[in-house]
Amino acid sequence: MKKQLMAIYKVICMCTLIIIILMFKNNSISVETKASNINLNKSVDLNAMAKVIDNFRAEDIHQVLDTYNGTLTAYVANCPLCSGKLGCTGQNVLDGTTTYNDSQYGLVNIVASSPNLPCGSIVRFKNNTLSTTGEITAIVLDRGVTGTTLDILVDSTETAFSKVGSRFINYDILRFGWTREKI
């Protein structure tokens, strides 16, 4: 009788062990779902799809179109060689104006650039001394510099010297001219 009880006990232990192993195995099985295409009779017009993708890109006004390296300097509207009028729009900024309200980008800083960047171009660069967010978005509304230099319009000579000076920067082009297209 003792041998029979021992045999039954061993069978119960083996069954319990098998059940525990199967429970752990079932818990670790992950369910895979597959997508199926029920639209097999329709074709995709790749040209139309490319146009849709281009439209998404064109509508994303924060997508970088190009990146330039240059020097950032600053100027004031009443500097000795300045007329106080912006070269691209003729707007008088002797009243202390340093920003422009763009229809797409909102309130942006004003910068001077060489003709490498068309009037109305939007640029973005990092500067912790002029911006609390560390990033400045600006519009090219003035001329008077060469190459890839950007000259940001500031309110005072003190700001120009103490917060900007002359520093090397990388800047992103978000819009070329008034239409985002590279010329």
What's the extension gain from Lys85 to Asn69 if we count 0.36 nm per residue and subtract their Cα-Cα distance?
-> 3.1 nm
Which far-off residues, 5 or more places away or on another chain, put their amide H under 5 Å from the one on Val145, with H placed in the peptide plane?
-> Ser113, Ser114
Counting only the backbone N, which residues of segment 96-131 are under 16 Å from the spot 7 Å out from the Cα of Arg143 toward its beta-carbon?
-> 111-121
Calculated FRET efficiency for the pair Ser103/Arg167, C-beta based, R₀ 35 Å, to 0.05 = 0.70
Determine the gain in length on full extension of the stretch Asp155-Trp178; use 0.36 nm per residue of separation and subtract their C-alpha separation, reporting nm with one decimal.
-> 5.7 nm
Potential extension, Ser114-Ile19 segment - 0.36 nm per residue separation minus Cα distance | 26.4 nm
Other residues with Cβ under 15 Å from the Cβ of Cys88 give, with Lys and Arg +1 and Asp and Glu -1, a net charge of 0
List every residue whose amide H lies under 5 Å from the amide H of Arg175, counting only residues 5 or more places away in sequence or on a different chain, with H placed 1.01 Å from N in the peptide plane.
-> Ile122
Burial ordering of Phe125, Phe161, fewest other beta-carbon atoms within 10 Å first = Phe161, Phe125
Segment 73-183: percent of C-alpha pairs farther apart than 21 Å?
-> 28
Ile53 to Thr133: FRET efficiency via 1/(1 + (r/R0)^6), r the Cβ-Cβ distance, R0 41 Å, to the nearest 0.05?
-> 0.85
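Taken together, the values in this text are just the output of simple stated rules run on the coordinates, not laboratory data. Quantities reported herein were computed from a predicted structural model and do not represent experimental measurements. Cβ sites come from the backbone with ideal geometry, for glycine too, and all protein chains shown count toward neighbours.
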